[in-house]
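Written below as structure tokens is the structure these notes are about.
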Amino acid sequence: MNENILLIEDDESLSQLVQLLLERAGYKVETANNGQSGLALARETSPDLVLLDILMPDMDGWHIYEALRRITDAPVLFLTALGDDRNITYGLGLGADDYITKPFGYKELVTRVHAALARARRAHGEHTVFETGDFWVNLDTHEVKVHEEPISLTPTEFQLLSALIQDAGRTVSHDVLLRRVWGPEYADHRDYLKLYIWYLRQKLEDDPRHPTRIISERGQGYRLVISQEQDSDEEAV
């Protein structure tokens, strides 16, 4: 990885730890401890992604976010202790790409950074290939490989897989998946979704009864696992 991440965080000890964790994951990290220096670094370094605290000493994260949007279109992930629904809804409503509440785990941080960068690359048309561990998908040609072995998917199976890849590393709700694949009129037909998830697992999982690639989040939806989720040690920071 050569992506450059800008971290704007006034807690020096946390900033150092997050920088260490992300550099360990292969990213380059620039840090700023207030909004003005963060904006200056954004102009200077053109980051690929910004991690932004909300409770800052000189200007709050909401105003920093608005200023960042005049400088860069890089993904912005709020990284904050403000974990109530009102603030999360407000932050995502501004257009932020994700909202991570403190305390968080190393695995969660790296996975969500990785997923946000992957979404940004796909949005800019830079990559038509999704790859994680021994799982490889060409989104243009519809080729799929597991352990370098070609896997044949039906059009609906591939459409469902693409919908999961679109938010790889994050849980996608049943409703969203049904709308993306079958259309709004099927939003309540979870039996369709459950059946096709089962089809995908039969073809993509080493052991479909104990899936490690497509994970069920009870009562929420499904998540396509990025390999770092399995490889990273869980550390609360």
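Read the figures in this text as sums done on the coordinates, not as results from a lab. A quick note: this is a predicted structure, and the numbers were derived from the prediction, not measured. No Cβ is skipped: glycine too gets one built from the backbone with ideal geometry, and neighbour counts run over all protein chains shown.
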request  = Lys and Arg at +1, Asp and Glu at -1: add these up for the other residues within a Cβ distance under 12 Å of residue 9 and post the number.
outcome  = -4
ask   = Whose amide H sits under 5 Å from the amide H of residue 59, counting only residues 5 or more places off or on another chain, with H placed in the peptide plane?
value = 35
note = The lysines whose Cα lies under 28 Å from the Cα of residue 102, excluding any fewer than 8 residues away in the same chain, are 28
ask   = Given a cut-off of under 8 Å on Cα pairs at least six residues apart, what relative contact order in percent is computed for the chain?
value = 15
remark   = Given backbone amide H placed at 1.01 Å from N, residues whose amide H is under 5 Å from that of residue 205, ignoring those fewer than 5 places away on the same chain, are none
request  = Report, for the chain, the % of DSSP beta bridges that are antiparallel, rounded to 5.
outcome  = 55
message = Using helices alone, I'd like the mean residue ellipticity at 222 nm for the chain: each DSSP H run of four-plus residues gives -39500 (n - 2.57), total over residue count, nearest 500.
response = -13000 deg cm²/dmol
inquiry  = Between residue 73 and residue 154, what is the label-point separation in nm under the 7 Å Cα-to-beta-carbon projection?
reply    = 3.7
query = When the chain is fully extended, how far beyond the present Cα-Cα distance does residue 217 get from residue 141, taking 0.36 nm per residue of separation?
reply = 24.4 nm
ask   = Viscosity 1.567 mPa s, temperature 4 °C: Stokes-Einstein D of the chain from its Kirkwood Cα radius, in µm² per second?
value = 68
task = Counting other beta carbons within 10 Å of each Cβ, put 92, 153 in order, fewest first.
result = 92, 153
message = Need one number: nm distance between label points at residue 90 and residue 10, each 7 Å from Cα along Cα→Cβ, rounded to one decimal.
response = 1.6
message = To make sure I understand the rule: partners must be lysines, Cα under 18 Å from the Cα of residue 194, and not fewer than 8 residues away in the same chain. Which ones qualify?
response = 203
request  = First check a/c for the stretch 4-123, with a ≥ b ≥ c the square roots of the eigenvalues of its C-alpha gyration tensor; if it is under 1.5, answer rounded, and if not, answer prolate when a/b is larger than b/c or oblate otherwise.
outcome  = rounded
Within the chain, longest stretch clear of exposed GluC sites (Glu not before Pro) (DSSP loop, no more than 12 other Cβ within 10 Å) = 1-125
remark   = With +1 at each Lys and Arg Cβ and -1 at each Asp and Glu Cβ, the charge dipole magnitude of the chain around its Cα centre, to the nearest 20 debye, comes out at 680
